[in-house]
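Reading through the structure tokens given below for one structure.
The values are calculated or read from the model by the stated rules, or taken from the named source; none is laboratory data. A quick note: this is a predicted structure, and the numbers were derived from the prediction, not measured. In this analysis, Cβ positions are derived from the backbone assuming ideal geometry, glycine residues included, and neighbour counts consider all displayed protein chains.
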Amino acid sequence: MKSELTIAIITKNRPAKLDRCLESICQQNLLPKSVLMIDNDPRRTSYPVFKKYSKKLPLHYFHEKKSGVPYCRNKALSKTETRYLGFVDDDCVLDNKWTKSAIDAFQKNKDITYVCGKTNLYNNKNIFAIAQYSHDSYWYVKKVRKYKQTVAANFDTKNVVLDMKAIRNNSLKFDPKCGIGNFDSADFDFGLQLNHLKLRGIYSDKLQLAHEETSTFKRYVMRAYYRGKIAGYINIKWKLDDKFVKFPEKNIFIWLYRKVKIFPADFIQYTDNLKTSIYFKALVVTAITIYEGAYLKGYLSFKP
């Protein structure tokens, strides 16, 4: 039995992780009607993986010449023929009820445009991965609890399903300017587009998958810096007046002084659910502080 759902995977030179993701889709108790592989690698490194799974899944291969995740996601929007479209990353492993949980959520909530799911940490032994996950999860859950539903800041394309009827009716697309190299925040901008049109979404903890976060220091810091830079663009585009940036101090040294003062508070909020030693928790919070500092530098470096 197949559902009226397409799953799109954006991939670039990560064939082993893509293989793992596709295997988890094969294990779904309700198969998607279609799976789109959007390859952004000029060398087309995902094509052998496509051949491997082309007889196991209703798989379709597309190559996107323009470099950047937003271009790839827009190609997925244009190639989807089903009512629903789910986005997952190539380094995700889906729960075997993922597809069914997505369809169930839309059947039970007729007035929604999207469903965001619960993302668990795949590489849960790496300190940078734990720091990234702890930081992002805190703000995600905080917003969900405050508003009792998803808001613009919660929209996350590594675990989301869209009602394509609303997307097509409003001609929505991902903004390519929200990407720099391999880094992008176009999902944040897309969430703002949905919010502007008053298109509502919900959070479902039944829509679960595991995601592999950044595991090296260099990429961890680069990701923070470029996401901060993109946030600068989004801030001006939407006239947000720094609304979604939690850094009131524009001077990096003043900011650092404040972060040292509130370190105990950060320790509690970011590590409350971590079952590990106090020493390791302190390292996690230190890594989060480094991430936020790099993000701030990127944000302040943006020039319109």
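Points to keep in mind about this one:
- The selection criterion, being at negative phi, buried (at least 16 other Cβ atoms within 10 Å of the Cβ) and outside the structural domain of I130 (by TED's automatic domain parsing), holds for L296.
- Hey, K52 assigned by TED's automatic domain parsing to the domain that holds K12, farther than 17 Å from V160 by Cα and not in a helix (DSSP H, G or I) or not: no
- Total residues in the stretch 160-219, condition surrounded by fewer than 19 Cβ atoms within 10 Å (Cβ to Cβ), closer than 13 Å to T113 by Cα and of a type in the set (G, A, S): 1
- D175 meets all of the listed conditions (1) among the acidic types (D, E); (2) farther than 25 Å from S24 by Cα; (3) at pLDDT below 95 but one, namely (3).
One line per residue, one yes/no per condition, for (1) among the hydrophobic types (A, V, I, L, M, F, W, C); (2) within 26 Å of L194 (Cα to Cα):
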| site | (1), (2) |
| --- | --- |
| D19 | no, no |
| V35 | yes, yes |
| T45 | no, no |
| F50 | yes, no |
| Y53 | no, no |
| P70 | no, yes |
| V88 | yes, yes |
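- Residue ID - surrounded by the fewest Cβ atoms within 10 Å (Cβ to Cβ), chosen from residues in the stretch 85-121 that are part of a loop (DSSP other than H, G, I, E, B) and under 14 Å from the mean Cα position of the chain (by Cα): D91
- Being in contact with a helix residue (DSSP H, G or I) (Cβ under 6 Å, 6 or more places away or on another chain) and of a type in the set (K, R) is a description that does not apply to K12.
- Filter pass, T82 being closer than 13 Å to I7 by Cβ, in contact (Cβ under 8 Å) with a residue 40 or more places away in the chain, among the polar types (S, T, N, Q) and buried (at least 20 other Cβ atoms within 10 Å of the Cβ): no
- For first residues located in the stretch 176-191 and not assigned by TED's automatic domain parsing to the domain that holds G68, partners that are at pLDDT 95 or above and crowded, with 23+ Cβ neighbours inside 10 Å and lie 6+ apart or on another chain with Cβ distances below 6 Å do not occur.
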